[in-house]
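Participant: Take a look at this one; I'll ask things after.
The values are calculated or read from the model by the stated rules, or taken from the named source; none is laboratory data. Just so you know, these numbers come straight off a predicted model, no measurement behind them. Here Cβ is always computed from backbone atoms with ideal geometry, including for glycine, and neighbour counts include all displayed protein chains.
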Amino acid sequence: MRKITRCDCHLHTDNSFDSDTPAEHQVDRAHELGIEYIAITDHCDVLEWSREDIARSNAQAVELDRKYDDLTVLRGIELGEPLQDLDETAKALGLCEYDFVLCSLHNIRGEEDFYYLHPTEKQAQNLLTRYFDELLEMVRWNGFDSLAHMTYPLRYITGRDGVEVDMSPHMPKIQEILATLAANDKALEINTSGMRSEGGFLMPTIEYLKLFRRLGGRYITLGSDAHVPEHISVGMADGIAAAKEAGFDSAAVFVNRRPVQIQFE
Ligand SMILES: [Zn+2]
Ligand SMILES: [Zn+2]
């Protein structure tokens, strides 16, 4: 089997509310695909996280790392909405040692996850303004390693519901988000899960990767966001091609919260 990617740093297991896949199945599939580094990043949405699930996820990553000599399993977490409860965020980050903290925003303050929203174009513009405001706050807070699926709302607004939105009003804010990430030496995730859903696009798309690079961004991470083994590495070829075209020659994996660059083949 031709190797698609050397790393996949966004995977869920049955320690996430929305996956039934045992961690070992994810690890076995990654090994079968010839992947050298994976990060298990179970959901830790700080408004409703489970101490037990996160501790178990972390322990399983440690245990499964021993299973294959040629596959490193990293202890990750997908930290959701950290600013919406900083006390819980501190508790979650203090619970275990992590290699990798991936940070995401699925629902802006006072709203449900974008998955549940079906805005009109006008409503979408308002939601996106608030989304990128909160994302900028998160990036300024800076308590993470990589920013997950930066254009997450578009997966549903445009990809699923077919509502086209003019992104030009949001570009100054997005530019500030990417410049802050770059200045803090943090990574931007290329999330490939959109490649297997209706929209068929990367999150974010290449124009944002190019902008990040122009603004001095050094690190990108690759994530399939697989909740089942069949989705591991799906869309990665597109993600890597976009990264290369944007000027990146490697993807980062985080070990003990520090980036290690993995060259593209
Ligand atoms: Zn997510
Ligand atoms: Zn995820």
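Participant: With the checklist (1) under 18 Å from the mean Cα position of the chain (by Cα); (2) under 30 Å from Asp28 (Cβ atoms); (3) in a loop (DSSP other than H, G, I, E, B) in hand, flag the one item Glu198 doesn't pass.
Facilitator: Unmet condition: (1).
Participant: Filter segment 129-171 for residues that are in a loop (DSSP other than H, G, I, E, B) and without any contact (Cβ under 8 Å) to a residue 40 or more places away in the chain; which is nearest to the chain's Cα centre (by Cα)?
Facilitator: Met167
Participant: Another question, if that's okay. Given the criteria at pLDDT 95 or above and either touching a strand residue (DSSP E or B) at 6+ places or on another chain (Cβ under 6 Å) or within 23 Å of Val255 (Cα to Cα) (or both), does Asn58 qualify?
Facilitator: yes
Participant: In segment 182-195, how many residues are farther than 20 Å from His12 by Cα and either more than 16 Å from the chain's Cα centre (by Cα) or crowded, with 24+ Cβ neighbours inside 10 Å (or both)?
Facilitator: 4
Participant: Which of the numbered conditions does Val234 fail, given that it passes all the others? Conditions: (1) surrounded by fewer than 23 Cβ atoms within 10 Å (Cβ to Cβ); (2) more than 16 Å from ligand 2 (Cβ to nearest atom); (3) closer than 25 Å to His12 by Cβ.
Facilitator: (2)
Participant: I'm told Leu127 meets every condition in (1) more than 25 Å from Arg258 (Cα to Cα); (2) within 16 Å of ligand 1 (Cβ to nearest atom) except one. Can you identify the failing condition by its number?
Facilitator: Status for Leu127: all satisfied but (2).
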